[in-house]
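The values are calculated or read from the model by the stated rules, or taken from the named source; none is laboratory data. As the structure is a computational prediction, the values presented were derived from the model and not from experiment. We place every Cβ from the backbone using ideal geometry, glycine too, and count neighbours over all the protein chains shown.
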Protein chains: 2
Amino acid sequence: MTAQRRVVAEVLDGEHVHLTADEVHARAAAKLPEISRATVYNTLGELVSLGEVLEVATDRRAKRYDPNAHRPHHHLVCAGCGSIRDVHPAGNPLADLPDSERFGFTVSDVEVTYRGLCPNCAAKA
Amino acid sequence: MTAQRRVVAEVLDGEHVHLTADEVHARAAAKLPEISRATVYNTLGELVSLGEVLEVATDRRAKRYDPNAHRPHHHLVCAGCGSIRDVHPAGNPLADLPDSERFGFTVSDVEVTYRGLCPNCAAKA
DNA sequence: ACTTGACTTGGATTGAGTCCAACGTAGGAT
DNA sequence: ATCCTACGTTGGACTCAATCCAAGTCAAGT
């Protein structure tokens with residue numbers, strides 16, 4: 001556990017929003033000016049493989065990092081600004097996929113992504 | 001309707017798989033050698049806004065284009081090779097998102113993405 | 001034939017992320 | 001205390017997918 005890793009972990013822990021890698025880097029650099037982008041990516045990658053943080057790739061903009069990895073949830077994404085909210089829909093979509101629709105795949109996970117406009121972007125449109 | 005656009009449309013129509021823009025370009029170039037990447041992107045973009053084709057961005061690899069835009073469906077993605085199958089799960093996830101979980105968003109769409117390994121990649125792992 | 005406007009081209013550019021060789025530093029062995 | 005080694009970090013180069021843009025081409029209308 002180095003200073004750099006601690007700072008990255010703190011940034012994610014403090015924020016309850018979904019930051020991009022660049023935003024994490026900017027906030028980390030505020031506390032530890034000479035931290036490099038590569039280190040932020042390395043550390044985020046480790047946090048993801050440790051299961052502490054989720055990677056959310058909703059389109060081909062920057063990935064976002066979700067510190068709320070322990071409570072299962074899905075995402076509501078604004079098509080305008082890319083911001084993300086956690087949501088907890090009813091139902092279990094994994095159970096809704098019959099064997100006949102699995103084509104021999106080993107299905108391990110399901111992501112539900114709701115798309116729409118946040119109040120802010122809806123007002124602008 | 002130019003020759004270039006026809007070729008791109010034909011490629012998508014003929015294939016019932018989910019091609020990347022590069023694959024579309026390669027197949028189009030087989031029929032019309034000097035077609036440029038930019039034109040393929042332009043044409044795919046138009047087909048998407050016409051609603052003839054769906055864009056599927058599952059991660060930060062290349063987007064894939066889904067010619068099956070008229071029958072609603074979801075996707076099963078192989079984490080190994082990125083290939084995609086269409087699936088038709090039961091249930092209606094839009095109805096599963098209560099108003100209290102919408103945070104003022106105008107929710108217009110939902111995507112369900114199942115992740116796993118295709119038989120091929122599972123055998124290799 | 002000339003003009004207009006749409007389409008295409010391909011090379012440059014962008015954005016996000018990854019790679020890699022060189023550097024620093026902390027801990028353990030001598 | 002000194003050296004060695006391994007790991008972490010750095011920052012610049014690179015990749016890949018996609019987009020932008022200025023210049024070229026073509027067809028249709030007048």
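List of remarks:
Okay, residues lined up against (1) in a loop (DSSP other than H, G, I, E, B); (2) closer than 24 Å to B:ALA79 by Cα; (3) modelled with pLDDT of 90 or more:
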{"site": "A:GLU52", "(1), (2), (3)": "yes, yes, yes"}
{"site": "A:ARG71", "(1), (2), (3)": "yes, yes, no"}
{"site": "A:CYS81", "(1), (2), (3)": "yes, no, no"}
{"site": "A:ASP96", "(1), (2), (3)": "yes, yes, yes"}
{"site": "A:PHE103", "(1), (2), (3)": "yes, yes, yes"}
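- Selection within region A:11-23 - surrounded by 14 or more Cβ atoms within 10 Å (Cβ to Cβ), in a helix (DSSP H, G or I) and not β-branched (Val, Ile, Thr): A:LEU12, A:ALA21, A:GLU23
- Residues located in region B:20-41, provided they are within 11 Å of DNA strand D (Cβ to nearest atom) and in contact with a strand residue (DSSP E or B) (Cβ under 8 Å, 6 or more places away or on another chain): B:THR20, B:ALA21, B:VAL24
- In region B:1-41, the qualifying residues are those that are of a type outside the set (A, V, I, L, M, F, W, C) and within 16 Å of B:GLU55 (Cβ to Cβ), and the one that is nearest to the chain's Cα centre (by Cα) is B:HIS18.
- Boolean, B:LEU44 is within 10 Å of DNA strand D (Cβ to nearest atom) and within 14 Å of chain A (Cβ to nearest Cβ): yes
- Remark: pairs (first residue in region A:1-17, within 14 Å of chain B (Cβ to nearest Cβ); second residue away from DNA strand C (no atom under 14 Å from the Cβ); Cβ separation under 8 Å; 6+ apart in sequence or on different chains) = A:HIS16/A:PRO67; A:HIS16/A:ASN68.
- The residues listed here are B:VAL53, B:VAL48; of these, the one that is in contact with a Phe, Trp or Tyr (Cβ under 6 Å, 6 or more places away or on another chain) and of a type in the set (Val, Ile, Thr) is B:VAL53.
- Residues in region B:82-112 that are β-branched (Val, Ile, Thr) and out of contact with any Leu (no Cβ under 8 Å at 6 or more places or on another chain): B:VAL112 alone.
- Hits in region B:80-97 (condition: more than 21 Å from A:PRO98 (Cβ to Cβ) and in contact (Cβ under 8 Å) with a residue 40 or more places away in the chain): B:GLY80, B:CYS81
- Candidate set from region A:54-67 (those that are out of contact with any strand residue (DSSP E or B) (no Cβ under 6 Å at 6 or more places or on another chain) and part of a loop (DSSP other than H, G, I, E, B)); member that is farthest from B:VAL107 (Cα to Cα): A:PRO67
- A single entry from B:ARG102, B:ARG61 fulfils the requirement of being of a type in the set (Lys, Arg), more than 15 Å from DNA strand D (Cβ to nearest atom) and either closer than 21 Å to A:VAL56 by Cα or at the interface with chain A (Cβ under 10 Å from one of its Cβ atoms) (or both): B:ARG102.
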